[in-house]
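Here is the structure we will look at.
The values are calculated or read from the model by the stated rules, or taken from the named source; none is laboratory data. If you're wondering where the values come from, they're calculated on a predicted model, not measured in any experiment. Note that each Cβ is placed from the backbone with ideal geometry, even for glycine, and that neighbours are counted across all protein chains shown. Surface accessibility is based on the protein's heavy atoms, side chains included, excluding ligands, DNA and RNA. Shrake-Rupley method; radii C 1.70, N 1.55, O 1.52, S 1.80 Å.
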Amino acid sequence: MAVNTYEILFLLDPNKFSADPDGGLKQVNGIVEHYGGQIVFTRPWGEPKLAYPVKNFKKGAYVLTYFKADSLAIPKIEHDCRINEMILRHLVIRLHAKIADQVIQHVSG
């Protein structure tokens, strides 16, 4: 099927993430890789105070990841994100092919 470039923004439990940041990154990126996704770029985005509580958390750890995956894998990835206890929220966006390389170069450079 169609392989596209995606951006996924994770909002993670700040307590679990700060206790083991490398393990947290491996866990969320492992969800993408489990379904054949190829991680292009990933980085923690900080732990700001949230505008409103999410699952009783007033702070959250953000992780931004860009990856390439088959479009049929996205519903499976989103399902695993919903049932993962560390992930409070997530948002997956498909990048338009014309701008995908530019966006990745901008955030990684």
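Open to solvent by 70 Å² or more (accessible area, probe 1.4 Å), outside any strand (DSSP E or B) and modelled with pLDDT of 95 or more, is that true of Glu33? Can you show your working first?
On the way: open to solvent by 70 Å² or more (accessible area, probe 1.4 Å): yes; outside any strand (DSSP E or B): yes; modelled with pLDDT of 95 or more: yes.
Judged against the criteria, Glu33 is a match.
Inspect all residues belonging to the range 50-60 and state whether any of them is under 14 Å from Leu12 (Cβ atoms), outside any strand (DSSP E or B) and free of Cβ contacts under 8 Å to residues at least 12 places away in the same chain.
There is no residue in the range 50-60 that is under 14 Å from Leu12 (Cβ atoms), outside any strand (DSSP E or B) and free of Cβ contacts under 8 Å to residues at least 12 places away in the same chain.
So, of the residues in the range 1-41 that are within 12 Å of the chain's Cα centre (by Cα) and without any contact (Cβ under 8 Å) to a residue 12 or more places away in the chain, which turns out to be nearest to Val103 (Cα to Cα)?
That would be Glu33.
Being part of a helix (DSSP H, G or I), of a type in the set (A, V, I, L, M) and loosely packed, with under 12 Cβ neighbours inside 10 Å is the filter here; which residues of the range 73-109 pass it?
Kept after step one, since they are part of a helix (DSSP H, G or I), are these residues of the range 73-109: 73-83, 97-108.
Keeping just the survivors that are of a type in the set (A, V, I, L, M) gives 73-74, 77, 83, 97, 99-100, 103-104, 107.
Ile83, Ala97, Ile99, listed by residue number.
Which of (1) without any contact (Cβ under 8 Å) to a residue 12 or more places away in the chain; (2) closer than 14 Å to Asp13 by Cβ; (3) of a type outside the set (Val, Ile, Thr) does Gln105 not meet, given it meets every other one?
Looking at each condition in turn, Gln105 falls short on (2).
Go through (1) over 12 Å from the mean Cα position of the chain (by Cα); (2) part of a strand (DSSP E or B); (3) free of Cβ contacts under 8 Å to residues at least 60 places away in the same chain for Thr65 and report which single condition fails.
In the conditions (1) over 12 Å from the mean Cα position of the chain (by Cα); (2) part of a strand (DSSP E or B); (3) free of Cβ contacts under 8 Å to residues at least 60 places away in the same chain, Thr65 misses (1) alone.
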